[in-house]
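The values are calculated or read from the model by the stated rules, or taken from the named source; none is laboratory data. Just so you know, these numbers come straight off a predicted model, no measurement behind them. Note: ideal-geometry Cβ built from the backbone for every residue, glycine included; neighbour counts use all protein chains shown.
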Amino acid sequence: MANDREVLRIVWEGQVPVCFQADPDEVVGLQQPEDFYLMVSRLSYLPLVTDKVKKYFTKYISNELQDGEIWFDSNGTPLKSHYPIGVLYDLLHPEDDGLPWSITIHFSKFPEDILFKFSSKELVESHFMSCLKEADVLKHRGQVVSAMQKKDHNQLWLGLVNDKFDQFWAVNRRLMEPVGEQECFKHIPVRFYNEDGTYMQKLISPINEAGQKRTLDDLLNDLSTPSRQAVGVRSHGVKIHGDTPLQWMSEHLSYPDNFLHFCMIYENI
Amino acid sequence: MFTSHTVPVTSILIVSHGGSPFKSSHRSDKNKDFEVMSETESTSDKKPEVSNDDSVSTGNDKGSENQSTKVDILLNATGNVPIMKKRRWAVDQEKPISWIMKFVHKYLKLDPEEKLFLYVNQTFAPSPDQIVKNLYECHGTNGKLVLYYCKSQAWG
Amino acid sequence: MSSDEPDWRSVLINRLQERNRREVVNFRGVVTNNNRLLDLVDQLKAENLRLSVQNEKLRSGLGGSGGDSAAIAALEKKLLTQQEELTELHKRKGENAQLIVDLNLKVEKQNKQLKEKEASLAEQQAVIVSLKAEVQMLNSSLQELKGLNTLLRDEHTSLQLELSSLEEKLRKTQDENRALVERLIKYKAKDAEKLNEENETFLKKRSDKVRRDLEEAARESRRSSSPISLPPERSDRGSLSDICGAAAKMTGFYSDSLPSSVHLKFEAHDGEVNAVRWSPIERLVATGGADRKVKLWDVGKTVLEPRGALVGSNAGVNSVDFDSTGSMILGTSNDFASRVWTVADQRLRKK
């Protein structure tokens, strides 16, 4: 059960310092705006934390651009705003460096061929709930989330938006329990990210045929191919120990969307 | 879909109960699908059609080594959406969901401003950049991925 | 759980704590400070703006109280506003020009429409004129027809008059005819009377002669035999009655008696013979048959001589009759009609 509140709490408290910069091409006026520094939660999404940033930079750009679709890039890479911030950061920073994280905010020239318009909070919310449902389909065949009421869904979302750990976990606890007498989930909702930001999804069982709990190492073995060996995963900015059981990871290290987001470390053989 | 506000023990019963009609309905679908499949096979026009639309793809050019692998998807209409004459399609597994949405949108000749929602197994809406392969691996049944499309949010 | 916490968990927690220290703790203060500073900058900027505005206000207030610079500034300001007004007016002028152009276009369009309407009106009028001419033509033809009609009617009345006069004439001639027939009958009756008289006188003479002869004979017998005064009277009387009877026998040729032999026999019709009638004046017999004909036969001579067939009936003739003068024949037939023929020319006269 997801009862290791110490871990949950540490994971929840993960933040990334971000240095938001304006796009010099969009700025009007003589003065370039100062960079805007912000601590953002790793578990949150960019559109949820950037209201202040947007407001700050809006003053410096021309009027006709102000209503444009906002997007972000980090060092030239457009950022998918429906990925959790922690995932975005971990993907772009395989090593523990590059802090604070420099992100450029754009008000125009939305790269429609790369990004999808997830800039409004409503869209992010619906994406978030969809992920939650998909995760529940994998874990409990979707029974828990569909048994919940609308207000529970709202509580989950508002807990995330307002950074309220207790509010969020009061509901999320139910999603993180195996149903009935089972000890484990049906499958582990997990996404394995490649370096280019795409991800792979597979049916991962938390136990093996003999009914024993599988660990991360077992999983890495499964993911290895003769030409490429999976040697480790990073999530929440840390490399995870190979002995960690999959069920426990799902319960404790999942992002609020109930998925484990793993950045894979491969070694070519 | 599942209405179980009951104690855990009975909820198990409901699990099995809720599961079986779901499966059986798919099984009954299957026979029809095979007919469709054989028909498409005989006409053998599906591959060119799909590859023609490659140009529309949003350019998910990752994994070019398994570009040719295709996945069977089954498109079901829900609500007041026109049904598609051909429900079963073989789709490049690296294609994103947004590509399928565009394809259905075009196939049904919907207005550009009309919305289209896709659902996997009548449960959740996949992210538009989710690729078909992932959904197929996790939610495919009987060798195919069942997608439902509608013009209003259904299983929101 | 913490007592025998597994290796991987402590590793994880350590790493996460290390991460938080690295990423969060190190930066939190800086970022908060930065945020505060930014806010402060904003505040200061606002303050600055406010102050500069105030300064300007004060300066303008100062300038207004004395000094050319202030007046110039005021004038400049005025100029500025006027220039603004000017540009505004220019803009409005441009708008108005655009409006005028639009309106002109509209007027043109309306004119076009008007022209179209007029054209159609003229067309309609032409149509009306042609229709009127037609109406006139028709009226005149109507008048003509009316004239013709009255003419025809007049003709008709005159013809009718003629007809009635002719009918009158006909009636007169018929009356004349009847009168003549009557006279003829009278003459005939006279003839018959004369004949009868002659006959009577003849008979008288004969009976006288017979009587005389008888008287002579009686005188002779009286002379010859016993003259019995009474018996001869008696016998006279009886002989008279005998003579009468003999006379009656002699005249019996004409008297009624049962016909015992057929005088004439002939085939009259192709079918049944329904009616037969003597002519009252001639030795003529009319027969009517099922072959829809009335035939006339002359039986005055020893041989039969057909005098003609009267045709016109549409069904079998049931009965025939002559009129009293014998000049006409009436026939009735099964076609619910009675027809009259004249004997002389054997034509159908009336139906």
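Figures for the structure shown
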| item | result |
| --- | --- |
| The range B:109-136: number of residues that are part of a loop (DSSP other than H, G, I, E, B) and within 11 Å of chain A (Cβ to nearest Cβ) | 9 |
| One residue from B:132, B:81 being surrounded by 19 or more Cβ atoms within 10 Å (Cβ to Cβ) and farther than 23 Å from residue A:257 by Cβ | B:81 |
| Subset tally (residues that are within 16 Å of residue C:275 (Cα to Cα) and surrounded by fewer than 16 Cβ atoms within 10 Å (Cβ to Cβ)) for the range C:322-334 | 2 |
| Residue A:101 being farther than 15 Å from residue A:259 by Cα, facing another protein chain (nearest Cβ under 10 Å) and aromatic (Phe, Trp, Tyr) | yes |
| Which numbered condition residue A:136 misses (of (1) in a loop (DSSP other than H, G, I, E, B); (2) within 11 Å of chain B (Cβ to nearest Cβ)) | (1) |
| Within the range A:199-226, considering residues that are polar (S, T, N, Q), assigned to a loop (DSSP other than H, G, I, E, B) and away from chain B (no Cβ under 14 Å), the one nearest to residue A:266 (Cα to Cα) | A:224 |
| Out of A:215, A:198, sole residue that is among the hydroxyl-bearing types (Ser, Thr, Tyr) and touching a Gly at 6+ places or on another chain (Cβ under 7 Å) | A:215 |
| So residue C:135, is it aliphatic (A, V, I, L, M) and either farther than 30 Å from residue C:323 by Cβ or exposed (fewer than 10 other Cβ atoms within 10 Å of the Cβ) (or both) | yes |
| Selection count where residues are modelled with pLDDT of 90 or more and facing chain C (nearest Cβ under 10 Å), scope the range A:18-36 | 2 |
| Search result, residues across the range A:174-193 that are among the aromatic types (Phe, Trp, Tyr) and either assigned to a strand (DSSP E or B) or facing another protein chain (nearest Cβ under 10 Å) (or both) | A:192, A:193 |
| Those residues of the range C:331-351 which are over 20 Å from residue C:179 (Cα atoms), in contact with a Ser or Thr (Cβ under 6 Å, 6 or more places away or on another chain) and not charged (D, E, K, R), in sequence order | C:332, C:333, C:338 |
| Those helices (runs of 4 or more DSSP H) lying entirely in the range A:1-118 with at least 2 residues surrounded by fewer than 19 Cβ atoms within 10 Å (Cβ to Cβ) | A:5-13, A:51-58 |
| Complete set of residues in the range A:145-169 that are crowded, with 22+ Cβ neighbours inside 10 Å and more than 18 Å from the chain's Cα centre (by Cα) | A:145 |
| Residue within the range C:306-318 that is under 30 Å from residue C:202 (Cα atoms), modelled with pLDDT of 80 or more and buried (at least 17 other Cβ atoms within 10 Å of the Cβ) present | no |
| Condition met for residue A:90 (assigned by TED's automatic domain parsing to the domain that holds residue A:235 and not small (Gly, Ala, Ser)) | no |
| Which numbered condition residue A:196 misses (of (1) within 14 Å of chain B (Cβ to nearest Cβ); (2) in a strand (DSSP E or B); (3) of a type in the set (D, E, K, R)) | (2) |
| Residue that is surrounded by the most Cβ atoms within 10 Å (Cβ to Cβ), among those in the range A:245-269 that are of a type in the set (Ser, Thr, Tyr) and either in contact with a Pro (Cβ under 6 Å, 6 or more places away or on another chain) or at pLDDT below 90 (or both) | A:255 |
| Hits in the range B:82-97 - residues which are under 29 Å from residue A:199 (Cα atoms) and either assigned to a loop (DSSP other than H, G, I, E, B) or out of contact with any strand residue (DSSP E or B) (no Cβ under 9 Å at 6 or more places or on another chain) (or both) | B:87, B:93, B:94, B:95 |
| All positions within the range A:139-173 that are within 11 Å of chain B (Cβ to nearest Cβ) and touching a residue at least 40 places away in the same chain (Cβ under 8 Å) | A:140, A:141 |
